[in-house]
Structure formats: structure tokens, C-alpha cells
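Colleague: Take this structure, written in C-alpha cells, and hold onto it; I'll ask about it next.
Please treat every number below as a calculation from the coordinates, not as lab data. What you see is a predicted model; the values in this text were computed from it and never measured. No Cβ is skipped: glycine too gets one built from the backbone with ideal geometry, and neighbour counts run over all protein chains shown.
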Amino acid sequence: MPVDDWLVQLDNLAARSAGFFLRKPIVLDLTNLDIGQDELRDLVAKLATRKVRIMGIEGAKASLLAPDLPPALTDGKGTSDVEIPAVEESSAPATAANLALTVSAPSRANSSVVVSQPVRSGQSLHHAEGDVTIVGSVASGSEVVAGGSIHIYGALRGRAMAGTMGNSTARIFCRKLEAELIAIDGFYLTAEDLEPSLRGKAVQIWLEGETIKVAAVI
Amino acid sequence: MGKVIVVTSGKGGVGKTTSTAALGAALAQNGAKVVVVDFDVGLRNLDLVMGAERRVVYDLVNVIQGEAKLTQALIRDKRVETLFLLPASQTRDKDNLTPEGVEKVITALKNAFDWVICDSPAGIERGATLAMRHADVAIVVTNPEVSSVRDSDRIIGLLDSKTLKAENGETMEKHLLLTRYDSARAERGDMLKVDDVLEILSIPLLGIIPESMDVLRASNVGSPVTLADGRSAPAIAYFEAARRLNGEALPVVIPGDKRGLFGKIFGRRAA
């Protein structure tokens, strides 16, 4: 069954870029795909085991969708299709090659964000695609999560997590280190683990192998 | 069209009600028409501090539910003619506050008064969010200690996201009122310094109210501190804060800093 081939391709893709689908709402586009309800249910379940959460289904007949399946969506914004050259060579005309994944990710062009207000206690700033620059402080009890690096022109009193999409080269910079927790690519340090002499200093934080390094910057 | 102010803090017991009453009385003494509105349904206190607890007939919930007219619920202060109180209900549940009802009352008050000062309940639940929803200006009351400062930080975040102004893409004007400031304890390092609080919260300072027995004494006799003794230190600080609210550029003096040589020699021993 072509869908199985497509799943193999998907696994290959996922193996190459860890966290590609992590925390992303995925829309399944079924246009041009001839699939029955049971097969669809099976596909959604198989995707779920791969941690791909289907939030909506596009291009499906109304009769195909049941209450236990994700709801129908229309007018999703197409991004670049997942490239699956191998399947394109297969002979079936309406194959899984047409099963495009719409990822709600903005293009690379606007992959960094600048926030010109302080991040307040209780607020959570997520930016999975790229760098985050904050002109202001990050308060105790708040968090900043970025796929790329985090730059804070102020005090870091809350949590900062950089490189969350598997980017081990991401760094955290801040003018004043008073963090509750810092993390890069899943490796973390809590406030107690931080060198006391670096508290209150302007620092940069990066990953060397599996060790988080913190050093003062002038 | 009057200005709507919300007096809020997140944390309880920092002086929201005291500040609402004191600022309301200070503004009204200059001739402005002022109404102070108690949003703390179920735990009302503003009527006590205003000395009107025995004059409450109808309240905010009655007005919202259409059981009384706004003019019936408003209580005119006996000392200052232009000062009014809209009390909260003590017996009703706070779920009786509806967004539509609150909007109607605030709009009506805005048309009749120069200042509408809403005393928010503590917390970040329904009562607090409804009190801040229609505000033009927010006064964030904070004590110089870490838990109060963090709660204030949280409230500022909500002011910037959950209010009508924020939803319309405007920015809410926010002022910090630092209350219960004890210069002796600040000097010893038992309290956060003014600069530290300002650095964390990064909003403009409206005033610093010194810790004083005068505040408690005034509350106990049912009088805003600005009416009870206009020359006491906290009253002067509230009067100055009210002038800054009116747009005057008045420098803030940190209590303790203005002490002369005498104070410097003898003040420390008293602490």
C-alpha cells in the first residue's frame, strides 16, 4: 500500500531532523488520495505513534470524517511539500506522493522575533523557528522558549530554553544572569547549578558536547 | 468623559483599598467629581475605609442585575461633596458580575464623573479581570518585598493582554504605587530598594507611601487617610500621587532620603 511507503519516507525524514514535527499542529491534506475511513483512522493512529498530531484534515469528503477523527479544515496555507522522490517514481497515479503535509510554520525570512517589552511573570514566549531577542527583562516565573538563540537585553530571572528543536549550536545571551533555569537543546542547568560568581553578570551560555558552559561577556 | 482607573496588585493586603480611598479623597478635595467603586464582591472593605458601612442600601450587583438604579446605589461622602462610593455586595456571589453589566455601569459612571476609581479584589480571577477590563489607567500597588513584586509583575502582564485597551492594540497607562515603605528597614536591607522594584517592574513610579500608624488609625475610624489628617506623611504622599495622576511632573522623594543631619544621627537608633 502506497501510504505505507510514504510512512517509511516520513520516518526517514524524521530520523534526519529530530523534532521536525515537535509541538507543531499538522494538517493532513487528503486531496487526490483515495482512502477509506478505516484506512484513514489507521493512518492517523500510525502518525500519532510517530508523535505527529493531526489537528485537522483538509480535502476530505464529509462522509469520510467521523467524530473520532480530526475535524475538517479548509484554506490551509501550503508550505513546501515534504520531498519524497522515491515515491514519485512509483506507478500508481493517485499515490501517497500527493499526501502533502501542511506545517503551520512561517518561512525562513521572518524566523527571528524581537520583543520590545519585558516578559512578565506568568507569561510564556514560544518561538520554535528561530532566534528571540528581548529588549527588556525576563521576570521570575516566566519562560522564553526558542528554536534558535535567545538574546536578552536586560535581566534573565525566569527560564530560558534555546535550541529546543534540536539545535545544539543555539546560545543564550543576557545582560544580567539571575535565571531560574537555562536549557539548550534539552540539556539544562537550574539556579543551584550555576556558578555563584556569575550571578548578576552579563553572560553567554552555550553547549559543548553535553555540557552547558556559562561565561561572562564584556 | 471621565477617566477610569483600576487599583490592582495581584497580592492581597498590600493596600489597594486604602490607596483607592486615599487617592479618591485627594482628587475630590481638589474639586473633581470622583467615584470609588468596590469590585471585591463578597469581601467588601471600601465602605468601611470610607466610613459608609451603615449607609449601604443598594450595591454594584443590584445595579448590574437591574434591581436598583445607579443613582440609588451611589453614596455621597459626608465630608467631601464631590466624592461618591459605589459599594460591592457582601452577600452575593461574585459570579453575579457579568462583563456586559460591568461595562454598562462603567460607561454610565464615566459619563457622570471625572474619575472612576475601581478597587480590584486580590488575585487574577474573574473579579480582578473585570475590574481592570475597562480601565484607561492602572495603578499597580506593590509592597517592597519579593512576593508582592512578582504578583505585580504578573498583573502587569494581564493588564497588557486581558484588558479592552490591550485587545484594541493600545497600551494601558500603568503606574507603580509603592506602599508600606519603611525607610529604616530598607536601609538595613530587610526590604527591596526602590530602584530594585522599579528595575524589575519597569513602569513609572506614581508615589511612595511610607509605612505609618496613621494609615491604620484612619482606616479604623472610617476615613481615607487624606481626609483624616492631611498633614501626616502618608497623606502628603497620596496628595502628591494624586497630583501626578493629574499630569503634574512632580519628582518622587524616597522617604528617608530627605532626612537632615538630625535624622541621620538619631534616626538609625530609632530603627
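Colleague: Determine the relative contact order of chain B: mean sequence separation of Cα pairs under 8 Å and six or more apart, normalised by residue count, in whole percent.
Modeller: RCO, chain B: 24 percent.
Colleague: Please list, ordered by chain and number, the residues whose modelled amide H lies under 5 Å from the amide H of B:V37; skip anything fewer than 5 residues away on the same chain.
Modeller: Under 5 Å from the amide H of B:V37: B:L86, B:I117, B:C118, B:D119.
Colleague: Shifting gears a bit: Rounded to the nearest 10 degrees, what's the angle between the helix B:16-29 long axis and the longest principal axis of chain B, both from Cα atoms, 0 to 90?
Modeller: For B:16-29 against chain B, the angle is about 80 degrees.
Colleague: Oh, and also: Using 0.36 nm per residue of separation minus the Cα-Cα distance, give me the extension gain between A:E208 and A:R53 in nm, one decimal. Walk me through the numbers on the way to the answer.
Modeller: Details: separation 155, 0.36 × 155 = 55.80 nm, distance 3.23 nm.
Length gained, A:E208 through A:R53: 52.6 nm.
Colleague: Still on this structure, please answer the following. Counting alpha carbon pairs within less than 8 Å and at least 6 residues apart, what relative contact order, in whole percent, applies to segment A:101-216? Each step should come with its number before you reach the end.
Modeller: Details: 328 pairs, mean separation 19.2, N = 116.
The normalised contact order for segment A:101-216 reaches 17 percent.
Colleague: So, one more: Considering only DSSP beta bridges whose two residues both sit in chain B, what percent are antiparallel, to the nearest 5?
Modeller: Counting only bridges with both partners in chain B, antiparallel ones make up about 5 percent.
Colleague: Go through B:I254, B:G189, B:L130 and say which Cα lies farthest out towards the positive end of the charge dipole of the protein assembly as shown; charges sit on Cβ, +1 for Lys and Arg, -1 for Asp and Glu.
Modeller: Value computed over the given set: B:I254.
Colleague: Does anyone have the angle between helix B:261-270 and the longest principal axis of chain B? Alpha-carbon axes, 0 to 90°, nearest 10?
Modeller: The angle comes out at about 70 degrees.
Colleague: Starting from the 7 Å offset along Cα-to-Cβ, what nm value, one decimal, do you get for the label separation of A:F187 and A:Y153?
Modeller: Computed distance between label sites A:F187 and A:Y153 equals 3.0 nm.
Colleague: To continue, here is another question. Using a 7 Å offset from the Cα along the Cα-to-Cβ direction at both B:E167 and A:D42, what is the distance between the two label points in nm, to one decimal?
Modeller: For B:E167 paired with A:D42, the spin-label model returns 4.8 nm.
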